[in-house]
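A.B. asks: Below is a structure I'd like to ask you about.
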Amino acid sequence: MGIPEGLGRARLVLTLARSLPTLALIAAMGFVGPARADSLFDLASFFAGQSVSAGEVRTLLVSREAFTARFTGRTSGQTLRLDERFRFPDGERLQRWVLRFDGPLIRGTVETEGSDGALHAPVPVEGERDDAHIVLRYTGFAPGGGSLKLRFRHEIRPNGDGTLSNDVTVRLLGLPLAHSDVTFAKTQGDLARHLARERRP
């Protein structure tokens, strides 16, 4: 037997009304449909092969130290293996990344060369990405530093000219300790052009 037309409409309206708060909550939490893989920020493709960077570390608004780095990246499926060789005034330091991209989630490890020239044991890295930026977080060691563990947060965004910006915050016991602004580029020429535009008044 069928449901009388008027009763059927009433039940439909009541069901939709009861569902709206739940649907609104799901939408607000971002669970309405998975993110498209082809729209996510593709950091692995950027770092495949050779890349370069330049930046500055500011510690407690007191000291400033400029640095550069060279990168060698290899990709395999959704995994990026990246060697980052820093050049500081007091010498070179290595940081070795392994990052696995699973849709919007990023998981991996990072190893950092300490003041004794040896790599610390790998520490876990976690992060997220969307179409406009990537955030990476880990508790580990500063390049060229000692055994003190610090909390790092990297936020990477495209600059619109083929380069990327990396805003790095370093915390100790939850308190800001240092900050670094870094520019990544595929070539020295791209890096120089971007930095020259930034310096213009």
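The values are calculated or read from the model by the stated rules, or taken from the named source; none is laboratory data. Only a predicted model underlies this, so the values are computations on that prediction, with no experimental measurement involved. Methodologically, a virtual Cβ is constructed for each residue, glycine included, from the backbone with ideal geometry; neighbour enumeration extends over all protein chains shown. Surface areas here come from the heavy atoms of the whole protein model, side chains and all, with no ligands, DNA or RNA. Shrake-Rupley method; radii C 1.70, N 1.55, O 1.52, S 1.80 Å.
A.B. asks: Quick one: which of G73, G145 is in contact with a strand residue (DSSP E or B) (Cβ under 9 Å, 6 or more places away or on another chain) and modelled with pLDDT of 95 or more?
C.D. replies: That would be G73, the only listed residue that is in contact with a strand residue (DSSP E or B) (Cβ under 9 Å, 6 or more places away or on another chain) and modelled with pLDDT of 95 or more.
A.B. asks: Let me ask something else. Report whether or not E155 is open to solvent by less than 50 Å² (accessible area, probe 1.4 Å) and at pLDDT 95 or above.
C.D. replies: Judged against the criteria, E155 is a match.
A.B. asks: If you check S115, S147, which single one turns out to be over 23 Å from G55 (Cα atoms), in a loop (DSSP other than H, G, I, E, B) and out of contact with any His (no Cβ under 7 Å at 6 or more places or on another chain)?
C.D. replies: S147
A.B. asks: What number of residues within segment 158-190 are in contact with a helix residue (DSSP H, G or I) (Cβ under 7 Å, 6 or more places away or on another chain) and open to solvent by 40 Å² or more (accessible area, probe 1.4 Å)?
C.D. replies: 3
A.B. asks: In addition: Scanning segment 96-118 for residues that are open to solvent by 70 Å² or more (accessible area, probe 1.4 Å) and not charged (D, E, K, R), which turns out modelled with the highest pLDDT?
C.D. replies: Per the criteria, the residue is L105.
A.B. asks: Out of segment 55-84, which residues are closer than 23 Å to R137 by Cβ, of a type in the set (A, V, I, L, M, F, W, C) and in a strand (DSSP E or B)?
C.D. replies: Matches in segment 55-84: V57, F67, A69, F71, L80, L82.
A.B. asks: Are any residues in segment 174-189 farther than 17 Å from I156 by Cα and at pLDDT 95 or above, and if so, which ones?
C.D. replies: Of everything in segment 174-189, those that are farther than 17 Å from I156 by Cα and at pLDDT 95 or above turn out to be T187, Q188, G189.
A.B. asks: Testing F101 on (1) part of a strand (DSSP E or B); (2) free of Cβ contacts under 8 Å to residues at least 40 places away in the same chain, one condition comes back false. Which one is that?
C.D. replies: With respect to (1) part of a strand (DSSP E or B); (2) free of Cβ contacts under 8 Å to residues at least 40 places away in the same chain, F101 is out only on (2).
A quick yes/no check of all residues on (1) within 18 Å of the chain's Cα centre (by Cα); (2) within 24 Å of A132 (Cβ to Cβ); (3) touching a residue at least 60 places away in the same chain (Cβ under 8 Å):
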residue: G162; (1), (2), (3): yes, yes, no
residue: S165; (1), (2), (3): yes, yes, no
residue: V170; (1), (2), (3): yes, yes, no
residue: A178; (1), (2), (3): yes, no, yes
residue: T183; (1), (2), (3): yes, yes, yes
residue: G189; (1), (2), (3): no, no, no
residue: H194; (1), (2), (3): no, yes, no
residue: E198; (1), (2), (3): no, yes, no
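A.B. asks: Follow-up question, since we're still on this one. Being assigned to a strand (DSSP E or B) and open to solvent by 60 Å² or more (accessible area, probe 1.4 Å) is true for just one of R193, R87, R137, R93. Which residue is that?
C.D. replies: R87
A.B. asks: Would you confirm whether or not segment 180-190 contains a residue that is charged (D, E, K, R), farther than 20 Å from E92 by Cβ and assigned to a loop (DSSP other than H, G, I, E, B)?
C.D. replies: Yes: segment 180-190 contains one or more residues that are charged (D, E, K, R), farther than 20 Å from E92 by Cβ and assigned to a loop (DSSP other than H, G, I, E, B).
A.B. asks: Can you pull out the residues in segment 53-84 that are of a type in the set (A, V, I, L, M) and surrounded by 19 or more Cβ atoms within 10 Å (Cβ to Cβ)?
C.D. replies: Result: A54, V57, A69, L80, L82.
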